[in-house]
Amino acid sequence: MSNYRKNSLTLIGAIGLGTGVMISAGIFALLGQVAELAGIWFPLIFIVGGIVTGFSAYSYVKMSQQYPSAGGIGMFLVKAYGKGTITASAAMLMAISMVINQSLVARTFGTYTLQIFGVESSGWLVALLAVGLLIFAFIVNISGNEFIQTFTSVVSLLKIIGLLIFATGGLWVAGFTLEPAGTGGSAEERGIASIIAAVALTILSFKGFTTITNSGSEIKNPEKNVGRAIVASISISLFVYLVIAWAVSSNLPIDRIIEAKDYSLAEAARPAFGSYGVWFTVGLAIIATVSGIIASVFAVSRMLAMLTDMSLIPHRHFGMPGRIQKHTLVYTIVLAMVLAVLFDLSRIASVGAILYLVMDMIVHWGVWKHLKKETGANTLIVGTAFLLDAIVLGAFVYVKLTSDILIVLVSLVFLILTFSGEHWFLKKQNKQ
């Protein structure tokens, strides 16, 4: 992998990448959807999601310590399953879920930006702004690692400070009460399946830590710093999510949070700070989504390039000059654009959650079954991570089957096409 520059990312830079991805989709795009599934006590779901993610991250930390790589999860899967259909398919599911996340963040950018002008979130305007952001992310990503890590680190710090200011102000206006603002008079009781399903979306909001694993060989002292960066990113994001969720819950009835779920953070600023608070929140959303897109594109393009180098996925140059990583960057941006145009925020997030949880379970099984000795992983922790994923995925699929079966069908199509397509491609490769 001579195209990747070792030691070009510092520990702070890696944390910036992780939090850059997480604190964008997580709090701006998913907060309202989590509230819709979990009800008035939805802030607690972020704690549960953080705990589940902590168990999940253990497998990635142990593998990163043993196999630091710019291909991250792709290389981990090769070590666990070899260069076969399971490895290629699971790696592609990870890549697809990351691209889905990019389209989610891009549409969030469009939705919040329109709040400045008091314009209704019409589909074509949101899609147009989303595509513009993705083009900008492409331009930044061809500028080099040093610029990317500096940009994402500075922006991540700014948005974290800004969000904490928002949360502190919101809680101060509400008298720092832990009681939610109320139901608004028509909220329905949530069942246990719906509450567990909400955890799936919070897990999606934490999945940005995998961005760090995909830059493993480029991080200084990766055997130690990858794990440190993952733990730090999850911890910082959990704290920010929790205080923001409580601030929103304290200022806005659950019905209003659900009604404005695509821009609930901006709506929550209105009773606490008025129109200036809305503008401030929208500004934070724009900063957060821009940094999130850049960090995510940075990671997934490298992962796809490594899979291409290992002949695990098909690749065509289509006449483009330059190295493979630049080509995968183009593919990543184009697919994210298509998804951002075709799907709304809720469905993008739901499909992404399903694909990510399936991939995550494959990773845990690989560590438990094949790599526990090599990595020194604790089988009880890895087994618990697998079981928690299965419970959350089962509840989420059940809820979507009863409320929006299209999400399940689209996810199933993605899974079938990915596994069957990779099986056909690898079979063809072996015959050559």
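Of the residues making up the stretch 349-382, those that are touching a residue at least 40 places away in the same chain (Cβ under 8 Å) and touching a Ser or Thr at 6+ places or on another chain (Cβ under 7 Å) are 351, 352, 354, 355, 356, 359, 360, 363, 364, 367, 377, 382.
Scan the stretch 212-222 for residues that are over 17 Å from residue 361 (Cα atoms) and modelled with pLDDT of 75 or more and the total you get is 5. So, of the residues in the stretch 296-320 that are in contact with a Gly (Cβ under 9 Å, 6 or more places away or on another chain) and surrounded by fewer than 19 Cβ atoms within 10 Å (Cβ to Cβ), which turns out to be modelled with the lowest pLDDT? Checked the stretch 296-320; the qualifying residue modelled with the lowest pLDDT is 314.
In a residue-by-residue description of the stretch 269-278, the property of being surrounded by 24 or more Cβ atoms within 10 Å (Cβ to Cβ) and either assigned to a helix (DSSP H, G or I) or without any contact (Cβ under 8 Å) to a residue 40 or more places away in the chain (or both) applies to at least one position. Hey, does the stretch 226-238 have a residue that's under 21 Å from residue 46 (Cα atoms), among the hydroxyl-bearing types (Ser, Thr, Tyr), at pLDDT below 80 and in a helix (DSSP H, G or I)? No, the stretch 226-238 contains no residue that is under 21 Å from residue 46 (Cα atoms), among the hydroxyl-bearing types (Ser, Thr, Tyr), at pLDDT below 80 and in a helix (DSSP H, G or I).
Look at residue 406 and say whether it is among the hydrophobic types (A, V, I, L, M, F, W, C) and touching a residue at least 24 places away in the same chain (Cβ under 8 Å). Considered against the rule, which asks whether it is among the hydrophobic types (A, V, I, L, M, F, W, C) and touching a residue at least 24 places away in the same chain (Cβ under 8 Å), residue 406 comes out as yes. Evaluation of residue 44 against the conditions (1) farther than 25 Å from residue 225 by Cα; (2) aliphatic (A, V, I, L, M); (3) touching a helix residue (DSSP H, G or I) at 6+ places or on another chain (Cβ under 7 Å) shows that the sole unmet condition is (3). Residues considered: 313, 293. Of these, the only one that is in a helix (DSSP H, G or I) and of a type outside the set (Lys, Arg) is 293. For the stretch 132-178, the set of residues classified as modelled with pLDDT of 75 or more and among the small types (Gly, Ala, Ser) consists of 132, 137, 162, 167, 169, 170, listed by residue number. Here residue 95 fits the description: closer than 25 Å to residue 134 by Cβ and either buried (at least 24 other Cβ atoms within 10 Å of the Cβ) or at pLDDT 85 or above (or both). Look through 410, 363 and report the one residue that is surrounded by fewer than 20 Cβ atoms within 10 Å (Cβ to Cβ), of a type in the set (Val, Ile, Thr) and at pLDDT below 95. Testing whether each residue is surrounded by fewer than 20 Cβ atoms within 10 Å (Cβ to Cβ), of a type in the set (Val, Ile, Thr) and at pLDDT below 95 leaves just 410.
This table checks each residue for (1) of a type outside the set (Lys, Arg); (2) under 23 Å from the mean Cα position of the chain (by Cα); (3) exposed (fewer than 15 other Cβ atoms within 10 Å of the Cβ); (4) part of a helix (DSSP H, G or I).
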position	(1), (2), (3), (4)
340	yes, yes, no, yes
371	yes, no, no, yes
380	yes, no, yes, yes
391	yes, yes, yes, yes
396	yes, yes, no, yes
414	yes, yes, no, yes
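For (1) at pLDDT 85 or above; (2) assigned to a helix (DSSP H, G or I), each residue gets a yes or a no:
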position: 5; (1), (2): no, no
position: 12; (1), (2): no, yes
position: 15; (1), (2): no, yes
position: 19; (1), (2): no, yes
position: 27; (1), (2): no, yes
position: 34; (1), (2): yes, yes
position: 37; (1), (2): yes, yes
position: 41; (1), (2): no, no
position: 49; (1), (2): yes, yes
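Within the stretch 226-255, the set of residues being buried (at least 20 other Cβ atoms within 10 Å of the Cβ) and more than 25 Å from the chain's Cα centre (by Cα) comprises 250, 251, 252.
The values are calculated or read from the model by the stated rules, or taken from the named source; none is laboratory data. Here the structure is a predicted model, which is why all the values come from computation and not from measurement. As a convention, Cβ positions derive from the backbone with ideal geometry for all residues, glycine included, and neighbour counts pool all protein chains shown.
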